[in-house]
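The values are calculated or read from the model by the stated rules, or taken from the named source; none is laboratory data. Nothing here was measured: the structure is a model prediction, and the numbers come from that model. Note that we place each Cβ from the backbone using ideal geometry, even for glycine, and neighbour counts take in every protein chain shown.
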Amino acid sequence: MTIVLIISLLVLVATFVIAFVQNGRTEKSIRILSAGILLVAVILLCPLIINYNKCAEDDSIPLVTVILSALQLGSLDGDYPFWIGEATKISYIYRIFMIVESYLMLIVFGGFILSLFTDAICLIKFHCLNSFYDIFYFSELNKKSLLLAKTIRKSNKKALLVFYNCNEGNELKEDALFEEFLILKYDCSKMIQKPGHKLHFFMVKENHDENLSDGLQILNLYKGKFSSSSLLENVTISIFSEAKDADVILNSTDKMGISVKLVNTHQKNANELIFNHPFYNAPGWDDNKHISVLIVGADRQGIAVLKNAVWSCQLGEGCKVEINVVDVHSSDISQKLEHECPELFNPKWNINLNFYDADVTKSDFDKILKEKCLETNYAVVCLNDDELAIDIALFLRRFFIYSDSDYVNEPFIAVRIFDDEKAESVKELAAVNREKISLKGWDVYSSKAENYNIVPFGSNNSIYSYDKVVDNELDKLALNAHAAYQNMFSDIEVPRSDILKTFNYSEIDKKSNSANVLHIKYKLKMLGYEIKQFKNATEEEVKNSNGNVIQLKKLLEDDVVMEKLSRIEHDRWLSFLITEGWRGVSIDDAKIYSANSGSHKHTKAKLHSCICTWDELDENIKVFDPHIKDYDAEFIRNIPSILGFEDSCINVSGVKYVLIKEQ
């Protein structure tokens, strides 16, 4: 009997240990506890039934009766007095074991029954807590939305994360419940409520075509309930869509103060890439002011990088820029771009853009590299196959080294990787630790010296995260840029609430503001400065920042410096509009449509009279606005406020950077 008690105790302890290490996976823990405690009940009942059979006339009770009796102990139907009485006949210690076991069976099996009703539990929890916490709603439970939800949980432990309109049989449901997320069968109309706290909606279905319509549906539902409520400022809708007409549709929609974010993953990848790895960091730029960009693969991601390169590489006279695109369908892509963005190919703008047809897996790719791309110092690989993309990136690293007579040519190389594990493996290729060893008198390096310096970007982990979607640094800077312009055109300080509201009016203005702040690093580079987030700066960098800011402000008061930077900013701005399909128009034509609209730009036709050279702006000044050239200069002078170097009404997003003087 002692052996039975010891075995029961060991099984019980092991069950609780295994259930405990499930890291909060409530449903699975309950099932493990139920199974373990049931097993203990079976073990404990076996001796009781054997002992009972010895005393009874009929000793034919089978094992199945033992199991059924154990199951009954976990319900209100169990014959507790009988079995506890039988245990007393054996020993009081056995009786204590049976009493404890019966209570455990009731408690755990009660929890097991409740776990079968997860939908009801999630619903009750949602209605009990939705008035007390920030809520993050997801339109679909898929791998990307689940990844985003997990990063949000790390940043906001108390928030409710809700996947609504979920169908039965979703294989990710168990994983979501493991993370304590709420799974609801509701459609989006049930999610609309008075926003007492922050409400975030993520339209993140695998089918991006549905995300825009889903986002508009949320807007319309709020329009019918809280159309005049200032509480709508607490609502944010993030729409994941690459649809070309998404920005146009959102521009024509009344957002009622709701913050709507259009998340184009291709554009976001390109922005993050050139912000973290600027073109001016390409080898050789400091010496000859030459940037030669090679884009291998011209899918949507490659085109996004191309467009960013066109406007971000506007660095004034003396900077030579060329952009080479290699793709098996390069000619078709070139014609498509010429149709969508005709000004890109206008010789007036001197944009050195070249397209070459080649299969990157064949020798014609090598020939084009040798004949057209030997001066490349910034390469981006955007292919739809991860293994092929990595292989081509490695090939480019080898090619440029052995094509150089001194074997030292190593351009910057970035490669778009979809798979997170492969992206991590590519990072390992850029290990910087070198271990020198001595071998027969020779100083050599271990395999750690094989530093390929290939930068992966665009994986799911790098996109679907709290930092990239909810709390994005570039979005904050773009908001500050918008605040700078709003205050520029106002005689009084514009309230923060008005800035937040007007920031959502125009998607093209949002994209323009993002491009503008991305280029701030480029302008500061020309003045000999770099920036770093305050939280990542060293004590010495923080200490020196104030002095550097004072010097920067003095430079921004210099007429010669401001003339140069203003010209660059104008070139950057018009290049950005060109990549968005805008065209320049003569002053006479602009007068015709401005007579009706009162503006020198025609948004629906994508015409703008200021898409002209800096010197040609003088005609616009005479006819339309005497301050046209002043706007660029005024924005540049606001750079310290936009970056949070100082307290200002312009820094509405609360960013904080330090200014570092280059050595």
Tell me the residue from E569, E563 that is of a type in the set (D, E, K, R) and more than 30 Å from D471 (Cβ to Cβ), please. E563
Count - residues of segment 582-638 that are of a type in the set (S, T, N, Q), under 38 Å from the mean Cα position of the chain (by Cα) and farther than 26 Å from D247 by Cα: 2
Going by the structure shown, is L552 touching a Pro at 6+ places or on another chain (Cβ under 7 Å) and surrounded by 18 or more Cβ atoms within 10 Å (Cβ to Cβ)? yes
Looking at I550, I531, I492 in this structure, which one is over 27 Å from Q267 (Cβ atoms), outside any helix (DSSP H, G or I) and not acidic (D, E)? I492
Residue check for V623: over 23 Å from C341 (Cα atoms), in the same structural domain as I508 (by TED's automatic domain parsing) and in contact with a helix residue (DSSP H, G or I) (Cβ under 9 Å, 6 or more places away or on another chain): yes
Of the residues in segment 495-509, those that are free of Cβ contacts under 8 Å to residues at least 40 places away in the same chain and part of a helix (DSSP H, G or I) come to D498, T502, D509
When residues of segment 180-217 are limited to those that are in a helix (DSSP H, G or I) and among the hydroxyl-bearing types (S, T, Y), the one nearest to L250 (Cα to Cα): S213
In the set F279, F201, F226, which member is under 20 Å from the mean Cα position of the chain (by Cα) and among the aromatic types (F, W, Y)? F201
Has segment 577-585 got at least one residue that is assigned to a loop (DSSP other than H, G, I, E, B) and in contact with an Asp or Glu (Cβ under 6 Å, 6 or more places away or on another chain)? yes
Could you list, in sequence order, the residues of segment 325-343 that are closer than 25 Å to I611 by Cβ and of a type in the set (S, T, N, Q)? S334, Q335
Take the residues in segment 503-535 that are touching a strand residue (DSSP E or B) at 6+ places or on another chain (Cβ under 8 Å) and polar (S, T, N, Q), then tell me which one is modelled with the lowest pLDDT. N504
Looking only at residues that are among the small types (G, A, S) and outside any loop (DSSP other than H, G, I, E, B) in segment 510-528, which one is farthest from the chain's Cα centre (by Cα)? S512
Between a residue in segment 328-357 that is in the same structural domain as K307 (by TED's automatic domain parsing) and any residue that is exposed (fewer than 12 other Cβ atoms within 10 Å of the Cβ) and not basic (K, R), which pairs come within a Cβ distance under 9 Å, given they are 6 or more apart or on different chains? V328/D359
In this structure, does V360 turn out to be in contact with a strand residue (DSSP E or B) (Cβ under 9 Å, 6 or more places away or on another chain) and either touching a residue at least 60 places away in the same chain (Cβ under 8 Å) or assigned to a helix (DSSP H, G or I) (or both)? yes
Could you please find all residues in segment 307-347 being in a helix (DSSP H, G or I) and among the small types (G, A, S)? A309, S312, S330, S331, S334
In segment 229-248, how many are farther than 21 Å from L500 by Cβ and of a type outside the set (G, A, S)? 5
Any pair with Cβ under 7 angstrom, 6 or more apart, that starts in segment 574-595 at a residue that is within 15 Å of H519 (Cβ to Cβ) and ends at one that is at pLDDT 95 or above and surrounded by fewer than 17 Cβ atoms within 10 Å (Cβ to Cβ): none
Is it the case that segment 613-621 has a residue that's hydrophobic (A, V, I, L, M, F, W, C), without any contact (Cβ under 8 Å) to a residue 24 or more places away in the chain and assigned to a helix (DSSP H, G or I)? yes
Return the pair list, or none, for Cβ contacts closer than 7 Å from residues in segment 554-571 that are in contact (Cβ under 8 Å) with a residue 40 or more places away in the chain and under 16 Å from N638 (Cα atoms) to residues that are aliphatic (A, V, I, L, M) and assigned to a helix (DSSP H, G or I), at least 6 apart or on different chains. L556/M562; L556/I636; M562/A633; M562/I636; L565/I636; S566/A633; S566/I636; E569/I636
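Matching residues to (1) of a type in the set (G, A, S); (2) modelled with pLDDT under 90; (3) in the same structural domain as L147 (by TED's automatic domain parsing):
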{"position": "G196", "(1), (2), (3)": "yes, yes, yes"}
{"position": "K205", "(1), (2), (3)": "no, no, yes"}
{"position": "D214", "(1), (2), (3)": "no, no, yes"}
{"position": "T236", "(1), (2), (3)": "no, no, yes"}
{"position": "E242", "(1), (2), (3)": "no, yes, yes"}
Of everything in segment 391-420, what is more than 22 Å from Y464 (Cα to Cα) and of a type in the set (V, I, T)? Give them in sequence order. I392, I401, V408, I413
Examine segment 256-265 for a residue that is crowded, with 20+ Cβ neighbours inside 10 Å, at positive phi and out of contact with any Pro (no Cβ under 7 Å at 6 or more places or on another chain), and state whether such a residue exists. yes
Identify the residue in segment 575-597 that is polar (S, T, N, Q) and either within 30 Å of V305 (Cβ to Cβ) or modelled with pLDDT under 90 (or both) and, among all such residues, is surrounded by the fewest Cβ atoms within 10 Å (Cβ to Cβ). N596
Would you confirm, using the coordinates I've provided, whether A358 is at pLDDT 95 or above, surrounded by fewer than 20 Cβ atoms within 10 Å (Cβ to Cβ), among the small types (G, A, S) and over 27 Å from V517 (Cα atoms)? yes
Looking at segment 376-392, can you tell me whether even one residue there is without any contact (Cβ under 8 Å) to a residue 60 or more places away in the chain, assigned to a strand (DSSP E or B) and aliphatic (A, V, I, L, M)? no
Among residues of segment 221-255 being outside any loop (DSSP other than H, G, I, E, B) and of a type in the set (S, T, N, Q), the residue farthest from N211 (Cα to Cα) is S230
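Quick grid of which residues meet (1) surrounded by 15 or more Cβ atoms within 10 Å (Cβ to Cβ); (2) assigned to a loop (DSSP other than H, G, I, E, B); (3) at pLDDT 95 or above:
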position	(1), (2), (3)
L565	yes, no, yes
E569	yes, no, yes
W573	yes, no, yes
S599	no, yes, no
D630	no, no, no
I636	yes, no, yes
P640	yes, no, yes
E646	no, yes, no
I660	yes, no, yes
Looking at this structure, is K629 out of contact with any His (no Cβ under 7 Å at 6 or more places or on another chain), more than 22 Å from L527 (Cα to Cα) and charged (D, E, K, R)? no
